1. Report, for the chain, the % of DSSP beta bridges that are antiparallel, rounded to 5.
2. Which value, in debye to the nearest 20, gives the size of the charge dipole of segment 216-317 about its Cα centre, when Lys and Arg are +1 and Asp and Glu are -1 at the Cβ?
3. Could you line up E340, E131 from fewest to most neighbouring Cβ atoms inside 10 Å?
4. For segment 418-484, which GluC sites (Glu not before Pro) are both in a DSSP coil and crowded by at most 14 other Cβ atoms within 10 Å?
5. What residue among A261, V306, S36 has its Cα farthest toward the positive end of the dipole of the chain, where the charges are +1 on Lys, Arg and -1 on Asp, Glu, each on the Cβ?
6. Roughly how many Å is it from the Cα centre of segment 98-115 to that of segment 234-305, as a whole number?
7. Between segment 171-196 and segment 497-550, what's the alpha-carbon centroid distance in Å?
8. In a shell of Cβ-Cβ distance under 9 Å around L140, excluding L140 itself, what net charge do Lys and Arg (+1) and Asp and Glu (-1) give?
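Where a number appears in this text, it was derived from the coordinates with a stated rule and is not lab data. Nothing here was measured: the structure is a model prediction, and the numbers come from that model. When we count neighbours, we look across all protein chains shown, and the Cβ atoms used for this are built from the backbone with ideal geometry, even at glycine.
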Amino acid sequence: MHSNHFARHAQQVLTVAQGKSHHRYGPGADPSIARSWVRCLEDYHLDPAQAMAPTVLEHARVLESRERLQQVLTIAGGEMNSLHQQLSGGNAVLLTDARGVILNCVTEPGERKIFERAGLWLGADWSEAREGTNGIGTCLVERQSVTIHRDEHFRGRHTGLTCSASPVFDPHGELLAVLDVSSARHDVSRQSQFHTMALVNLSAKMIEGNYFLRHFDDQWLLRFHLQAGSVGLFSEGLLAFDGEGRVSALNQSALNLLSLARTDLIGQPVEALFDCSLDELMSRAAPDAAASWPLRTRDGRGFFAVLRGQSRPELKVLSAPVVNKAVEQPALSGICLGDEGLRTHFRRALKVFERDVPLLINGETGSGKEAFAKAVHQASQRSDKPFVALNCAAIPESLIESELFGYRGGSFTGARKEGMRGKLQQADGGTLFLDEIGDMPVALQTRLLRVLEDRLVVPIGGEPQPVDVRIISATHRNLLGRVEDGSFREDLYYRLNGLEIALPSLRERSDKAQLLDFLLEEEAGGHPVQIEAEAREALLGFSWPGNVRQMRNVLRTLAALCEDDVIGFEDLPAVIRQAVVQTKAETDDTPESPLDCAERSALIATLEAQRWHMTHAAQELGVSRNTLYRKLRKHGISR
């Protein structure tokens, strides 16, 4: 059966590649697919019917690739989890390097084997030269977003997959990585991938922008856009320049806004580009710039901009009080403590953390465990030291030992000559956050316990080295239950559990309204975005099974897509709108009050009199069309 399918698919590929197919629809109709099929046949000499096993890099080379892209992996980790949360089941979110080698994968644990059977292994090479036409490999060659749906794959063994991939570029325009969503479901249509592709593009741009911002921490960074409200969003232009005022790098949005090529700008004085002196521009700088101001180019085009960086030396007297205040009262980014119980938890956690007592944070997935841990670190006396996070569930068992403890050069075949520092050494002097500690392999639990007792870390093949690190662990599992079934060491449990903090789920928090405003302000980049009353009520009434992470993702998308800086009910995701309808249907079973009955009758009478012309009916009732539609939904009235 499989051989027949492979043979038919191979014949279809050959027909299109030879230019004999005249079908306007179906596989090969897309020019980028046809180009890829020709490359696979003529340049790579691949056989579409051959069912080859994937090429997987050896352990050491995967570690080396992950270390080389460590900052990208750190930034992308949160975005990948967020993206996976927004998608339905049956999807794998993948990140590869610029060669097409998979370096991270986020799936449901129960679905991991499905994707591994499809060849989506950590370390697998999905370049076009290896696997033929596919989302990752073709995205790398075309340098643009692509969706490869089932039979559009070159190899017959991949025709059960649907892949949407988007490139991630570095600040110099070079390919840095590829973000991909792959589905093995048979009911996925190409049309349904439009929404997935939009989310993948948005997430890739977020990774790209955050990497740019971190990459130029030591330089001045100009963020600008045609609209003031878009400064701080994914579509903003980013331009970095050095202390001499010469352009170091730009993202693609900046090039598009300026209508210039990268080669025309790199190394040029920023004064030659904008209609102001370098001193005047730098006087606008601030470490945490937020409010935008007008900026014109030399040829008269107008933008709105903010400039991140330290002010000129002559302005230090003015900026020093702000800096000192920030040192005395560090801002806790990414966390809202409006809930009284959460504030109490935070005060207790900080108090014991300062006395070197380990913290164990328990809470549902997405409830903000890492944000809580990071806030404790930021508020502690170690705030100027590293905060290093390791997700024990996201790293394959074969790599987690090297990631945690590191290794000495030459300690195993293929190891790098200079070795690699593990997370424990990277966190020396600061804090190590072990997320999903319940998924750590038992053998590593023994080694971790020894580190906590002796304060010495032993890299693979190396000698003991002293380490000063404080541990915060987190899990959504019942660790005592895992102790009882033997999958978690009892002595390690009590060593990590100096103080256990149980974070509330979002539905249990009393500060949902405050959290909603807090997250929206963060995701909108400080730009004011309004939420209509009905939309706000729906957001606050939703159950949020994905907790804070899900709310943040939804608000990020709404802030990016809303028109006129207003979020209405119709802008909300379908799942939230459907929840409102379902709740309304359930409440419809209860008898209406006399006032509700009167309102319903008045609405129907007015609509009948106006022949269901909504604008005329709204004018007759003295309300807006939005209010009229809301009341119709409330009473379940339809024509």
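1. Counting DSSP beta bridges with both partners in the chain, the antiparallel share is about 70 percent.
2. 220
3. Numbers: E340 11, E131 26.
Lowest count first: E340, E131.
4. Details: sites: E418, E436, E453, E484; in loops: E418, E436.
Those satisfying the criteria are E418.
5. It is S36.
6. 39
7. 28
8. 0
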